[in-house]
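This report concerns only the one structure given below.
None of the figures in this text is laboratory data; all of them are computed from the coordinates on show. Bear in mind the structure is a predicted one, so any value in this text is a computation, not a measurement. Cβ coordinates were reconstructed from backbone atoms using ideal geometry, including for glycine residues, and neighbour counts include every protein chain displayed.
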């Protein structure tokens, strides 16, 4: 009778050990998965913090050429009294190439 019990006992010990090892590996894999999920969340939060805030698109400004910008600057200087009318006319003619 003892001979029959030993193989059964041995099988129970081996099977129980394998079950315990498999369960332990499963828990470790689950913990790793949770740790990776937490890390992904933290990375996502950091990326959101570092990303510049969404800014509304600027209103479409009319395209201006450098020549128009310079003419506007000259006109502003003329209106402020920095340039006389004669100086403004001379600078404008030089800018326009006439």
Estimated FRET transfer efficiency when R0 is 25 angstrom, pair residue 36-residue 10 (beta carbons, to 0.05): 0.05
Extension gain (nm, one decimal) between residue 95 and residue 77, 0.36 nm per residue minus Cα-Cα: 5.0 nm
